[in-house]
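Visitor: Attaching a single structure in structure tokens format; questions to follow.
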Amino acid sequence: MSLTGLLQQNLSSGVPYHLIRFLPGKTPLSTWPPVVFAIAGYLLLIFGIQEYMQTRKPFEIRGLSQIHNSMLSAGSLILLALTLEEVVPMVSKHGFHYGICSPEAWTPTLETYYLVNYYIKYVELLDTVFLVLKKKPLTFLHVFHHAATAVLAFTTFLGKPSMSWFIMLLNLTVHVFMYYYYYAAAARKKIWWKKYITTMQITQFVIDGLAISYAAFHHFLATYAPFIPNNGHCTTSKPVAALGMFLLAFYLYLFLGFYGTTYIQPNSKGQKLSIIQICRTFVGI
């Protein structure tokens with residue numbers, strides 16, 4: 001039996017329909033007001049805790065952090081396997097363009113997985129709570145990335161872009177390794193490949209951007225210049241696509257800056273590096 005079949009056999013009868021399908025107003029966090037309230041609450045909470053901790057000693061929460069990170073790593077791996085099981089046969093049968101552009105590529109099963117992934121983004125907000133409880137510094141990259149990614153996952157259901165599985169697969173792959181690293185760090189194990197997590201994240205954003213550009217290019221031709229050979233329309237809403245492209249570009253900019261500051265700047269003899277210089281170093285030019 002497939003993983004999906006096993007999951008449906010054991011869970012489908014006991015899980016309310018609005019928790020496995022996105023139903024605005026019924027599914028939790030399925031409309032803008034609660035999403036905005038949740039993100040605002042996240043920001044108020046972390047900065048409130050940060051202020052509270054100024055005169056207090058850091059909490060020792062290694063055990064709790066290990067549980068949190070190991071669950072996210074394992075959960076990402078399971079969701080990755082489930083999504084691959086759904087996507088690989090579809091792409092093998094119909095092709096990559098169908099998989100990222102056809103409205104039929106948004107399947108009921110994938111919608112359930114998107115919903116699980118969406119809720120995981122709120123669980124990941126605990127990353128920041130643990131940081132402030134340990135009195136670790138907060139960076140704009142960390143806070144913005146966590147908050148914006150939850151919002152981006154929500155907008156997926158508004159535009160229903162067919163390529164959502166592709167974006168999610170890359171993200172889950174990175175998170176399997178990233179949260180394992182955080183688990184190992186909390187257990188005080190030495191991990192030599194920390195640098196490559198950032199490399200994976202940057203590569204993820206580049207591949208995401210290429211996939212979105214491919215879809216946008218063919219959709220534009222099919223809509224406005226059908227006389228030019230193209231592969232046809234791609235399903236999504238323009239505002240959602242624009243938001244996704246903007247956030248991915250901004251993520252790429254922020255993570256390249258982090259990569260340069262953390263892994264290149266210390267060896268640059270104090271010279272301030274531009275994003276172009278960081279990119280050239282990153283790709284080995």
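The values are calculated or read from the model by the stated rules, or taken from the named source; none is laboratory data. The structure presented is a predicted model; accordingly, all values stated were derived computationally and were not measured. Please note: Cβ atoms are built from the backbone with ideal geometry, for glycine as well, and neighbour counts cover all protein chains shown.
Visitor: Out of all the residues in the stretch 17-30, is one or more surrounded by 11 or more Cβ atoms within 10 Å (Cβ to Cβ), at pLDDT 90 or above, of a type in the set (D, E, K, R) and more than 26 Å from Val87 (Cα to Cα)?
Guide: Within the stretch 17-30, one or more residues are surrounded by 11 or more Cβ atoms within 10 Å (Cβ to Cβ), at pLDDT 90 or above, of a type in the set (D, E, K, R) and more than 26 Å from Val87 (Cα to Cα).
Visitor: Answer yes or no as to whether Glu111 is within 16 Å of Ser164 (Cβ to Cβ), among the acidic types (Asp, Glu) and touching a residue at least 12 places away in the same chain (Cβ under 8 Å).
Guide: Criteria met by Glu111.
Visitor: Then there is this: Given the conditions (1) more than 23 Å from Phe157 (Cβ to Cβ); (2) surrounded by 17 or more Cβ atoms within 10 Å (Cβ to Cβ); (3) touching a Leu at 6+ places or on another chain (Cβ under 8 Å), which single one is not true for Gln201?
Guide: Checking Gln201 against (1) more than 23 Å from Phe157 (Cβ to Cβ); (2) surrounded by 17 or more Cβ atoms within 10 Å (Cβ to Cβ); (3) touching a Leu at 6+ places or on another chain (Cβ under 8 Å), the one that fails is (3).
Visitor: Here are some residues: Leu64, Leu29, Leu45. Which one is under 15 Å from Val143 (Cα atoms) and touching a residue at least 60 places away in the same chain (Cβ under 8 Å)?
Guide: Testing whether each residue is under 15 Å from Val143 (Cα atoms) and touching a residue at least 60 places away in the same chain (Cβ under 8 Å) leaves just Leu45.
Visitor: Quick check, is Pro89 free of Cβ contacts under 8 Å to residues at least 40 places away in the same chain and within 20 Å of Ile197 (Cα to Cα)?
Guide: So Pro89 does not fit the description; no.
Residues are listed down the side, and each one gets a yes or a no for (1) of a type in the set (Asp, Glu); (2) out of contact with any Phe, Trp or Tyr (no Cβ under 6 Å at 6 or more places or on another chain); (3) without any contact (Cβ under 8 Å) to a residue 40 or more places away in the chain:
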| position | (1), (2), (3) |
| --- | --- |
| Thr155 | no, yes, no |
| Ile167 | no, yes, no |
| Val174 | no, yes, yes |
| Tyr179 | no, yes, no |
| Lys189 | no, yes, yes |
| Trp192 | no, yes, yes |
| Thr198 | no, no, no |
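Visitor: If you check Thr262 against the conditions, is it farther than 21 Å from Thr173 by Cβ, at pLDDT below 90, among the hydroxyl-bearing types (Ser, Thr, Tyr) and buried (at least 16 other Cβ atoms within 10 Å of the Cβ)? First the steps, then the outcome.
Guide: Values: farther than 21 Å from Thr173 by Cβ: yes; at pLDDT below 90: yes; among the hydroxyl-bearing types (Ser, Thr, Tyr): yes; buried (at least 16 other Cβ atoms within 10 Å of the Cβ): no.
No, not satisfied.
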